[in-house]
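J.: My structure is below; once you've seen it, I'll send some questions.
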Amino acid sequence: MHVRTGDEVLVIAGKNKGQRGKIKRAMPRDNRVVVEGLNIIKRHMKARGPRSPGGIIEMEAPIHSSNVMLICPSCGHASRTGKRFLDELDHKDRPRKVRYCKACDAVIE
Ligand SMILES: [Zn+2]
């Protein structure tokens, strides 16, 4: 997946189109991400004792990762990203794979 937890992203489709947010949770297996403060859904919760009183609570619902673009930390653009291998090795002695910004060519850690 092209985004991970902590990334700043721009939503490019759906009801939060054009809004920015930070990835709170990434679910690579489902290609989905939860963006902080976006795609809010309301859930009517039943009370389950004193620590969860119930009522209507708001929470973020996951959106598909293809509906967000990564905002490049170097150039600030919502950019397409690519993957590239570095000369240095990772902990498994394989070339380290990193993401890079296709707009400014900067490596994104
Ligand atoms: Zn960039």
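J.: Evaluate the following for residue 40: is it over 20 Å from residue 12 (Cβ atoms) and either exposed (fewer than 15 other Cβ atoms within 10 Å of the Cβ) or away from the ligand (no atom under 16 Å from the Cβ) (or both)?
T.: It is false that residue 40 is over 20 Å from residue 12 (Cβ atoms) and either exposed (fewer than 15 other Cβ atoms within 10 Å of the Cβ) or away from the ligand (no atom under 16 Å from the Cβ) (or both).
J.: Could you grab me the full set of residues in the range 43-64 that are part of a strand (DSSP E or B) and under 22 Å from residue 13 (Cβ atoms)?
T.: Within the range 43-64, 58, 59, 60, 63, 64 meet the criteria.
J.: Pull out all pairs, ordered by first then second residue, where Cβ-Cβ is under 7 Å, the residues are six or more apart or on different chains, the first lies in the range 81-109 and is touching a residue at least 60 places away in the same chain (Cβ under 8 Å), and the second is polar (S, T, N, Q).
T.: Sorted first by the residue in the range 81-109, then by its partner, the pairs are 99/81.
J.: Right, another one. Evaluate the following for residue 12: is it hydrophobic (A, V, I, L, M, F, W, C), modelled with pLDDT of 95 or more and open to solvent by 60 Å² or more (accessible area, probe 1.4 Å)?
T.: yes
J.: Among what's in the range 80-109 and is of a type outside the set (Phe, Trp, Tyr), more than 21 Å from the chain's Cα centre (by Cα) and part of a strand (DSSP E or B), pick the residue that is surrounded by the most Cβ atoms within 10 Å (Cβ to Cβ).
T.: Result: 96.
J.: So, one more: Select from the range 65-109 the residues that are small (Gly, Ala, Ser) and within 16 Å of the ligand (Cβ to nearest atom) and write down the one among them that is nearest to residue 9 (Cα to Cα).
T.: So the residue we want is 78.
The values are calculated or read from the model by the stated rules, or taken from the named source; none is laboratory data. Bear in mind that the values here come from a model prediction, so they are computed numbers and not experimental data. Methodologically, a virtual Cβ is constructed for each residue, glycine included, from the backbone with ideal geometry; neighbour enumeration extends over all protein chains shown. All accessible areas refer to the heavy atoms of the entire protein, side chains included, with ligands and DNA or RNA removed. Shrake-Rupley method; radii C 1.70, N 1.55, O 1.52, S 1.80 Å.
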